[in-house]
Structure formats: C-alpha cells, structure tokens
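The values are calculated or read from the model by the stated rules, or taken from the named source; none is laboratory data. Not measured: the values here are computed from a predicted model. So basically every Cβ, Gly included, is an ideal-geometry build from the backbone, and we count neighbours across all protein chains shown.
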Amino acid sequence: MTRSATKTKILATALALFNNEGEAQISAVDIASVLEMSPGNLYYHYKGKDQIIKALFEDFDAEIRQVLSAPLKDPLAIEDNWIYLYIIFEEIFDFRFFYRNQGELLRRIPELRGPFSRILALKERAAFSLLSTLEDIDKLHFDEGEKGALAGRIAQHFTFWLQYHDLRYGPENNGRGPEKRLIDQGVFMTLIQITPYWTHGEGYAELLSEFASGKID
C-alpha cells in the first residue's frame, strides 16, 4: 500500500528525532510539534508513538533484508566484501534507535521480537556466506566449527556494536558525532575478528593499517 505524503513526513521526522534525541525522550506530541501539526491530526494517521515505531520497523526490515540477502543470492567479489560491510553498518546506523534501545522496545512492543529475531538469523547467514566465499578462494581457513562460530560473533557485533560503543565511550550525543568514524570502527572490529583465519596477507595488512590510522575514505 502506498503511503500518503503526510504519513511519509511523519515517519521521516520521527526517525530523525528518535535517532538524534533518543526514542525514550520523544513523545508523539513532540513529533507533532516539530511538524507543526496538532496531536489529533497525527493521531488520525498513527495512533500513538508505538504505531509509528512499528511502521518504521517495517521500513527497516525491508531495507536490511534486501542488504543482507545480497551475498546469499550472488557471491561477492573480494574487493566488494569490505564495501558490503560498510553498507550493513550504514543501514543499521540509519535506524540506530532500534539498536540503542532494543531491549526496552522489544519489551514494550513484543510483536517486533519475532521479526527482529529473524533479522539476527539473516545476519548470521549473510556473515556465513561472506566467509564461505573467502574460504572458497583460499583467503580464509577454518577448522571444524570455526566458520559458524565466527559468523555468529559477527552477527552479534552487528547487533550490539552501538550499545557497546555508547557504554564504552559515551553516546556521542546520540549519533550527532562523527558518523563516519563510528562506522569505520564497526567495520574495523569486524575485520579484526576475521584476521586470525586469513591465509594470504597481501593487501589485507595494508587494509587494516589504513583503518587503524583513519585513512579509509
């Protein structure tokens, strides 16, 4: 079903507010105020903040599934793997309020738990596919069970990357800090997890060095 222009504007405004101010700090009245809309008019379109969150989750679910399905449909070229990691982290960052407050959101809106769990499974499958592609061209070597375990750790990293960063370093004003540097760190920590299984050092050490020195553009 095609959304009206008003619904689209409500969702875009709510997403920006949730991401930048924190979902817990924003009410439906706040969203209406920013839109210069009466709360009653907003309620006509979405019956409360949780209905807006559900609609935003539908958008996130559709987008992240499309991204995560890429290596399952067609193996990625080796140079595309690092770009692919960036795309995943950028997609998560675009809907970061889900990840920064996921425990509370899933408690309050239990209908999201099943879909979110399925996204986690798809993350793990995508990571496994990426690792398998590199293994098939002899860039990675795994002993029995190691590839599946690493895919699970990478999926966990995707999921808890922002929470870890916020707890370790502070929330950087809920995302208004250096976005690129934050995403660089997410990708770098993924590569670090892959490093012990890398069998061909050519180009890879230089890649890690560039990430560590902040030279990646």
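For the reader, a short list of remarks on this structure follows.
- T2 meets all of the listed conditions (1) touching a helix residue (DSSP H, G or I) at 6+ places or on another chain (Cβ under 6 Å); (2) farther than 28 Å from G170 by Cβ but one, namely (1).
To keep it simple, each residue is scored yes or no on (1) farther than 26 Å from H165 by Cα; (2) at pLDDT 95 or above; (3) not aromatic (F, W, Y).
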{"site": "L35", "(1), (2), (3)": "yes, yes, yes"}
{"site": "Q51", "(1), (2), (3)": "yes, yes, yes"}
{"site": "A55", "(1), (2), (3)": "yes, yes, yes"}
{"site": "F60", "(1), (2), (3)": "no, yes, no"}
{"site": "I64", "(1), (2), (3)": "no, yes, yes"}
{"site": "E104", "(1), (2), (3)": "no, no, yes"}
{"site": "A121", "(1), (2), (3)": "no, yes, yes"}
{"site": "S132", "(1), (2), (3)": "yes, no, yes"}
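- Of the residues making up region 25-48, those that are closer than 17 Å to R100 by Cα and surrounded by 16 or more Cβ atoms within 10 Å (Cβ to Cβ) number 1.
- Unmet requirement for I183, which otherwise passes all of (1) among the β-branched types (V, I, T); (2) closer than 21 Å to F97 by Cβ; (3) loosely packed, with under 13 Cβ neighbours inside 10 Å: (3)
- Filter result for E210 (at pLDDT below 85 and either loosely packed, with under 12 Cβ neighbours inside 10 Å or within 30 Å of Q25 (Cα to Cα) (or both)): no
- Among the residues of region 137-170, those identified as more than 18 Å from A126 (Cβ to Cβ) and either small (G, A, S) or without any contact (Cβ under 8 Å) to a residue 40 or more places away in the chain (or both) are D143, E144, G145, Y164, H165, L167, R168, Y169, G170.
- Test: residue in region 168-176 that is polar (S, T, N, Q), within 25 Å of D74 (Cα to Cα) and out of contact with any strand residue (DSSP E or B) (no Cβ under 7 Å at 6 or more places or on another chain): no
- For region 67-82, the condition of being within 21 Å of K139 (Cα to Cα) and either under 13 Å from the mean Cα position of the chain (by Cα) or β-branched (V, I, T) (or both) holds for at least one residue.
- Test: residue in region 72-90 that is of a type in the set (K, R) and surrounded by 18 or more Cβ atoms within 10 Å (Cβ to Cβ): no
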